[in-house]
Amino acid sequence: MMEKDDSPDVIVIGGGLAGLTTAALLARAGKAVTLFEQSSREIGGRARTSIDNGYYFNQGPHALFLADVGAKVLQELGVSYTGGEPPATGLGIRDAKKYRVLTNSSSPSLTPVSDFNSEDVFAKFSDLLNKTDFTELENISVTEWIERNFHDADAIALLKALISLTTYGNDPDIQSAGSALHQVHLYNLGGVMYVDRGWQTLVDGLVAAAKNAKARIVMGKKATKVQRNSSGWLVTLSDQSQISAEILVIAAGPNEAQALFHEGEKIEALSKAVKEARPVRLACLDVALSNLPQKDALFALGIDSPLYFSVHSPYAELAPPNGALIHVAKYLGSSIKPNPKEDEKELEELLDLMQPGWRQVLVKKRPLPSMVLSNTLVTAANGGLSGRVDPKIEEGLYVVGDWVGQEGLLSNASFASARRAAQLIQNELAGGSRGTGQRPSISESVPS
């Protein structure tokens with residue numbers, strides 16, 4: 001058992017974006033916070049970045065939406081970062097031997113499709129988004145909304161591809177149109193940034209913000225069991241030590257959160273989340289090249305195939321001088337099961353198309369055959385974002401992550417649920433004897 005004086009106000013289980021953000025916000029509000037991360041070497045969850053010979057490997061393609069809640073929370077916490085914004089100009093539909101792509105490349109291996117004007121589709125789509133109340137579309141699928149407003153088969157395929165690009169989903173028949181279209185709208189409002197030196201920059205900034213506010217971060221201790229006690233919650237760790245706190249925050253996926261409770265103590269809201277979870281997955285190939293064979297071929301998006309190609313290094317510090325860092329990916333929907341060998345072959349063929357000669361300048365390739373981008377797809381059947389579990393499960397028990405709360409998708413859901421949980425915890429602890437009360441409350445320091 002840990003010393004009684006070590007007992008914090010709040011225990012956070014998990015050191016990903018959501019856990020670190022929650023810890024930083026609460027510590028800044030004067031609460032005693034201890035965060036446990038199971039890894040003894042790395043922190044940050046899916047936001048970790050690996051460095052190899054001057055190449056910064058994010059875990060697949062990462063883009064920070066500059067008009068979304070994540071950027072706002074990072075600013076509030078004083079987390080600084082730099083990077084570049086990839087342009088969304090010069091894109092056109094072109095034919096390849098196997099499929100069509102939306103690309104900015106003028107490579108002779110790709111022939112233009114002259115009878116389809118993608119710019120007109122983009123203009124109409126943007127105009128509709130500017131007039132849309134997205135909350136009214138939570139129970140409508142992406143396919144239903146697109147087919148209501150567009151009737152040309154090429155336009156429909158293009159818009160479904162764009163929604164895959166911004167949400168990583170590939171289930172338009174069941175994905176909620178409200179949150180998906182809002183994500184595209186946020187892109188139109190502020191664009192995205194590729195972050196210099198990878199998303200580890202953001203992770204390190206959050207760690208610093210938490211520690212500077214006196215949060216305690218414990219590495220290499222996995223939480224194995226949680227249970228109620230007279231103090232609130234008792235957490236058992238992998239070394240068999242135990243620690244208590246009034247408030248418990250679980251910053252993990254629904255399955256991992258559920259597994260912390262004994263069979264007879266399962267939480268209904270977590271059981272429901274586990275049952276309804278549809279993980280958003282991506283088959284990815286991260287590639288480092290000593291130079292870029294085709295300088296103008298920086299982006300491609302499959303129109304009639306769920307494929308993505310993007311060179312991130314021209315816009316952010318991710319590679320040595322003259323080097324290139326490329327992400328090639330396949331969006332895996334519910335109907336597409338991972339097939340690692342075939343998927344990697346397909347991704348290499350897309351590389352052959354966009355960057356012929358890449359094999360001769362290959363430094364490293366890293367396959368991620370079934371990477372989870374989000375713990376669950378936001379579906380129309382579950383009422384869109386309103387169907388996700390609330391951060392506050394019950395008195396003293398909270399969850400945060402990309403599957404929690406009624407705001408945001410992907411990492412932005414992690415930031416938003418962390419902010420919401422921190423506000424609710426501050427309210428719950430208000431008036432008690434715990435915490436110093438010397439720092440501003442979360443409602444004062446973070447906009448709601």
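The values are calculated or read from the model by the stated rules, or taken from the named source; none is laboratory data. Computed from a predicted structure; not experimentally measured. All Cβ positions, glycine included, derive from the backbone under ideal geometry; neighbour counts span all protein chains shown.
The one condition from (1) touching a Gly at 6+ places or on another chain (Cβ under 8 Å); (2) at pLDDT 95 or above; (3) surrounded by fewer than 21 Cβ atoms within 10 Å (Cβ to Cβ) that Gly191 does not meet is (1). When you check Ser443 against the structure, is it of a type in the set (Ser, Thr, Tyr), at pLDDT 95 or above and part of a helix (DSSP H, G or I), yes or no? Considered against the rule, which asks whether it is of a type in the set (Ser, Thr, Tyr), at pLDDT 95 or above and part of a helix (DSSP H, G or I), Ser443 comes out as no. For the range 265-283, a residue qualifies if it is of a type outside the set (A, V, I, L, M, F, W, C) and touching a residue at least 12 places away in the same chain (Cβ under 8 Å), and the qualifying residues are Glu265, Ser271, Lys272, Glu276, Arg278, Pro279, Arg281. Just to be sure before I move on: is Lys337 closer than 21 Å to Met193 by Cα, among the charged types (D, E, K, R) and either in contact with an Asp or Glu (Cβ under 9 Å, 6 or more places away or on another chain) or at pLDDT below 95 (or both) in the structure I sent? So Lys337 does not fit the description; no.
Residues checked against (1) part of a strand (DSSP E or B); (2) hydroxyl-bearing (Ser, Thr, Tyr); (3) within 22 Å of Ala277 (Cβ to Cβ):
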residue	(1), (2), (3)
Ser335	no, yes, yes
Lys365	yes, no, no
Met371	yes, no, yes
Asn382	no, no, yes
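Condition check ((1) crowded, with 19+ Cβ neighbours inside 10 Å; (2) in contact with a strand residue (DSSP E or B) (Cβ under 6 Å, 6 or more places away or on another chain); (3) closer than 25 Å to Asp402 by Cα; (4) at pLDDT below 95) across all residues:
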residue: Leu260; (1), (2), (3), (4): yes, yes, yes, no
residue: Gly264; (1), (2), (3), (4): no, no, no, yes
residue: Glu268; (1), (2), (3), (4): no, no, yes, yes
residue: Ala288; (1), (2), (3), (4): yes, yes, no, no
residue: Phe299; (1), (2), (3), (4): yes, yes, no, yes
residue: Asp304; (1), (2), (3), (4): no, yes, no, yes
residue: Gly333; (1), (2), (3), (4): yes, no, yes, yes
residue: Lys345; (1), (2), (3), (4): no, no, no, no
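Among the residues making up the range 401-440, those that are assigned to a loop (DSSP other than H, G, I, E, B) and either modelled with pLDDT under 95 or among the β-branched types (Val, Ile, Thr) (or both) are Ala430, Gly431, Gly432, Ser433, Arg434, Gly435, Thr436, Gly437, Gln438, Arg439, Pro440. Being closer than 30 Å to Leu292 by Cα and modelled with pLDDT of 95 or more holds for only one residue in Gly70, Gly54, Gly78, and it is Gly54.
Given the condition under 21 Å from the mean Cα position of the chain (by Cα), at pLDDT 95 or above and part of a loop (DSSP other than H, G, I, E, B), answer yes or no: does some residue in the range 355-362 qualify? Looking through the range 355-362, none of the residues is under 21 Å from the mean Cα position of the chain (by Cα), at pLDDT 95 or above and part of a loop (DSSP other than H, G, I, E, B).
When the range 414-431 is limited to residues that are among the hydrophobic types (A, V, I, L, M, F, W, C) and free of Cβ contacts under 8 Å to residues at least 60 places away in the same chain, the one that is surrounded by the fewest Cβ atoms within 10 Å (Cβ to Cβ) turns out to be Ala430.
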